[in-house]
Amino acid sequence: MLNRLLQLHLASWLGQWPAGPGLHVVASHRRLQPAWDGRLRPALAVDTGRSAVLSVAPDRVAAIRALVKRAPERMLAALPEAVGLPTFCVHDGPFRWSLSPAPLPDVGEWTESTAPGLPPWLRLFDRPVLVVRDADGAYLAGAGIKRHDAYGHELAIGTAPAARGRGLARRLVAQAARRVLDEGAVPTYLHEKDNHASARVAEAAGFPDRGWRAYGVYPR
């Protein structure tokens, strides 16, 4: 049985869940509202392999349904233009979650995203982020939590090139996932389908590939 928190998250994030077999294009006002980073996500989908929900703004539902019916094989590539934002890009990759992160030792410390020396992407978060520094205080790796709603929090991870290969990312993901679970939400992890390094991190941190897929339209 699918975890209740995950069901609530998907229903909130997409506007509908669960769904019957096939692809269901649904309306959600959340596609018109800024996401966790203040930017739009005008199209967002989760596909289990048996059923899928594609969430778009209410005024785009008819056009997207027509696109799916007319040209399903090019639907993903055509989504940015179909939602009225042709300069946006497409994300496509596994949708992962975990209720049992790997029992890896903690490696980072929670710090304000405004702390000195952090990369720009971590400064997008409005709550503390998880950071690893070296003995001199230089940034090595970090993780942030995208709190999409009360039920599902997505993890983001980044490692400085010089610090890669030390296992820091997987330990940060597992540590951040435990924090999310303590907050009463389910941790999720998304990455592009060709990002094999991120896939290895997810697997090692206890986020298996269940054959689910997330795709959508994102700002560049």
Filter result for the condition that a residue is farther than 24 Å from Trp121 by Cα and in contact with a strand residue (DSSP E or B) (Cβ under 8 Å, 6 or more places away or on another chain), over Leu14, Leu44: Leu14
Yes/no for Leu67 being aliphatic (A, V, I, L, M), open to solvent by 20 Å² or more (accessible area, probe 1.4 Å) and either at pLDDT below 95 or out of contact with any strand residue (DSSP E or B) (no Cβ under 6 Å at 6 or more places or on another chain) (or both): no
Residues that are open to solvent by 50 Å² or more (accessible area, probe 1.4 Å) and within 17 Å of Leu85 (Cβ to Cβ), drawn from the stretch 28-37: His29, Arg30, Leu32, Gln33, Pro34
Extreme residue, most open to solvent (accessible area, probe 1.4 Å), among residues of the stretch 38-52 that are more than 18 Å from Pro80 (Cβ to Cβ) and either touching a Phe, Trp or Tyr at 6+ places or on another chain (Cβ under 6 Å) or part of a loop (DSSP other than H, G, I, E, B) (or both): Arg50
Members of the stretch 174-220 that are of a type in the set (A, V, I, L, M), in a loop (DSSP other than H, G, I, E, B) and open to solvent by 50 Å² or more (accessible area, probe 1.4 Å): none
Check on Arg74, charged (D, E, K, R), in a loop (DSSP other than H, G, I, E, B) and on the phi < 0 side of the Ramachandran plot: no
Residue in the stretch 140-149 that is part of a helix (DSSP H, G or I) and within 21 Å of Pro103 (Cα to Cα) present: no
Residue in the stretch 3-18 that is surrounded by 13 or more Cβ atoms within 10 Å (Cβ to Cβ) and among the charged types (D, E, K, R) present: no
Extreme residue, surrounded by the fewest Cβ atoms within 10 Å (Cβ to Cβ), among residues of the stretch 73-119 that are without any contact (Cβ under 8 Å) to a residue 40 or more places away in the chain and closer than 22 Å to Gly211 by Cα: Glu73
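The values are calculated or read from the model by the stated rules, or taken from the named source; none is laboratory data. These figures come from a predicted structure and were not determined experimentally. Cβ sites come from the backbone with ideal geometry, for glycine too, and all protein chains shown count toward neighbours. Areas reflect the complete protein model, heavy atoms only, side chains present, ligands, DNA and RNA absent. Shrake-Rupley method; radii C 1.70, N 1.55, O 1.52, S 1.80 Å.
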